[in-house]
Amino acid sequence: ETKHDSKRDFLFKAYVIVSMTFMWTAYTLMVSYTRNSTPADKVYNSSSVVLLAEFTKWLIAICCLLRSCQYDMASVRRLLDVEFFGRPMELLKMSVPSIAYAVQNNLDFVALSNLDAGVYQVTTQLKVVTTAVFMVIMLRRRYSARRWFAITLLFAGVAAVQMDAAAENSTSNDSDKNYTLGLIAVLSTCFTAGFAGVYFEKMLKDGGSTPFWIRNLQMYTCGIISASLACVVKDGANISRVGFFYGYDSKVYCIVGLLGMGGIYISLVMKHLDNLHKSFASAFSIILVVIMSYWMFANVHIGGFFLLGSAVVCFAVLLYNSVPE
Ligand code: C5P
């Protein structure tokens, strides 16, 4: 049965990675669309979206915790008493990535409001490199020169793939867009995301025996606090004037849902795989997404940069895997 098990394991990992990528792609497109098609005085407060998404993740973590205890309330309570309320230091440790993610999730909106979705996706690929650097520093991973070369190639390849899309989507005369601010925001998120992702993985893998959903519960509890703070600091004055749910419609609730579920799936990828697999997987699926949209939409073209970039990405994946762990 081991062959059957490993096949199931592979299918599960593929499912988690594919779902994660589709959710983040949909999220990126919807934020970009709503931010750029709504007049500035009608648009929702982005920090309220981040806060609601933290609530969503917190609720999902509670449900998964219940499920992991077979819905036996006594054992859930015991688990919470020992692992959650009994370990305040662990809660404090999880506040570090949760603050970094709260900053990142808010900066993403700044970036997407000031850059085209395509340009955003190119620059955000720098995360591959920052993540690898943090994995060396914090998880003491060692990569051979060949692997570093593969990581760099991956970044270049994905950037090239996105270049075609970026050129197509660019809307040149947008006066209320601040390109420099958008770029600074997206580059900052590459650092906060790389750091927070590797920190979370470290806590999961060498951080003792705390169960996975307790780790998430710790993080999302801190997340609700830091996202509330961000809400007050960033949009407090505006929210008290127009209300928390100002500008909300079904699209905005959809964005909340995607941000929440996307986060849960990312945590699953970090548990079952690792941060660098996450980067490589999303690089690969970016190509798939472009190919699929070429199939589905008439106005998408596949150009020279795309073909070159795809070849480079495939080569990078092969090169990365050509050396044993
Ligand atoms: O891909 P990137 O690292 O930028 O995205 C990380 C996202 O995943 C953040 O929005 C963060 O809030 C979310 N996340 C989560 N739960 C985890 C780890 C990350 O919701 N355990």
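Annotation: per residue accessible area for the chain equals 51 Å², rounded to a whole number [probe 1.4 Å, protein chains only]. Checked against a 32 Å cut-off, the cross-linked pairs Lys93/Lys127; Lys93/Lys251; Lys42/Lys278; Lys202/Lys251; Lys7/Lys251 give Cα-Cα distances beyond that limit for Lys93/Lys251; Lys42/Lys278; Lys202/Lys251; Lys7/Lys251.
Where in the chain lies the longest segment free of trypsin sites (Lys or Arg not before Pro) that are both loop residues by DSSP (not H, G, I, E, B) and have at most 11 other Cβ atoms within 10 Å?
143-325
3J(HN,Hα) along segment 266-273, derived from phi through the Karplus expression 6.51 cos²θ - 1.76 cosθ + 1.60 where θ = phi - 60°, amounts to 4, 5, 5, 5, 5, 6, 8, 10 Hz, with x in place of Gly and Pro. The amide H of Arg87, built 1.01 Å from its N in the peptide plane, has no neighbour under 5 Å, considering only residues 5 or more places off or on other chains. Taking every protein chain into account, the 1.4 Å probe leaves Trp213 with about 40 Å² of accessible area, to the nearest ten.
Rolled with a 1.4 Å probe across the full set of protein chains, the surface gives His277 an accessible area near 80 Å².
Relative contact order for segment 51-169: what percent, with Cα pairs under 8 Å and sequence separation of 6 or more? Before the final figure, lay out the partial values.
Details: 45 pairs, mean separation 29.4, N = 119.
Computed value for segment 51-169: 25 percent relative contact order.
Considering only Pro88, Ala61, Leu187, the residue lying farthest towards the positive end of the dipole of the chain is Pro88, judged by Cα position with unit charges set on Cβ.
Can you check what the net charge comes to around Leu229, using other residues whose Cβ is under 14 Å from the Cβ of Leu229 (Lys, Arg +1; Asp, Glu -1)?
Numbers: positive: Lys234; negative: Glu54, Asp235.
Every neighbour counted, the sum reads -1.
Comparing Val256, Ser209, Phe12 along the charge dipole axis of the chain, the residue lying farthest to the positive side is Ser209, per the Cβ-charge model.
I'd like the FRET efficiency for Asn238 and Thr2, computed as 1/(1 + (r/R0)^6) with the beta carbon distance as r and R0 of 56 Å, rounded to 0.05.
Working: r = 58 Å, r/R0 = 1.03.
For R0 = 56 Å, the calculated efficiency reads 0.45.
If you place +1 on the Cβ of every Lys and Arg, -1 on the Cβ of every Asp and Glu, and leave all else neutral, what size is the dipole of the chain about its Cα centre, to the nearest 20 Debye?
Numbers: 27 positive and 21 negative charges, 153 e Å.
Dipole magnitude for the chain comes out near 740 debye.
Each of Leu139, Val50, Ser228 was scored by the projection of its Cα onto the charge dipole of the chain, and the greatest displacement toward the positive side belongs to Leu139; charges sit on the C-beta of Lys, Arg, Asp and Glu. Taking the protein heavy atoms of the chain in the context of the full set of protein chains, the accessible area attributed to carbon and sulfur is 67 percent at 1.4 Å. The distance separating the Cα centre of segment 1-79 from that of segment 232-267 comes to 15 Å. Note that segment 248-262 has calculated 3J(HN,Hα) couplings of 6, 9, 4, 5, 5, 5, 5, 4, 4, x, 5, 5, x, 5, x Hz, one per residue in order, obtained from phi through the Karplus relation 6.51 cos²θ - 1.76 cosθ + 1.60 (θ = phi - 60°); glycine and proline are x.
Per residue of the chain, what 222 nm ellipticity follows from adding -39500 (n - 2.57) for every DSSP H run with n ≥ 4, rounded to the nearest 500?
Values: 12 runs with 260 residues, N = 325.
That comes out to -28000 deg cm²/dmol.
Stick to Cα atoms and the Kirkwood definition of Rh, then tell me Rg/Rh for the chain. Answer for the chain: 0.97.
Just so you know, the Cα atoms of segment 1-148 work out to an Rg and Dmax of 19.9, 60 Å. Restriction of the GluC sites (Glu not before Pro) in segment 1-102 to DSSP coil positions whose beta-carbon has at most 10 other beta-carbons within 10 angstrom yields Glu1.
The values are calculated or read from the model by the stated rules, or taken from the named source; none is laboratory data. Predicted model, so just to flag it, every value in this text is computed and none were measured. Cβ atoms come from the backbone with ideal geometry, glycine included; neighbour counts cover every protein chain shown. Just the protein is used for accessible areas: all its heavy atoms, side chains included, with ligands, DNA and RNA removed. Shrake-Rupley method; radii C 1.70, N 1.55, O 1.52, S 1.80 Å.
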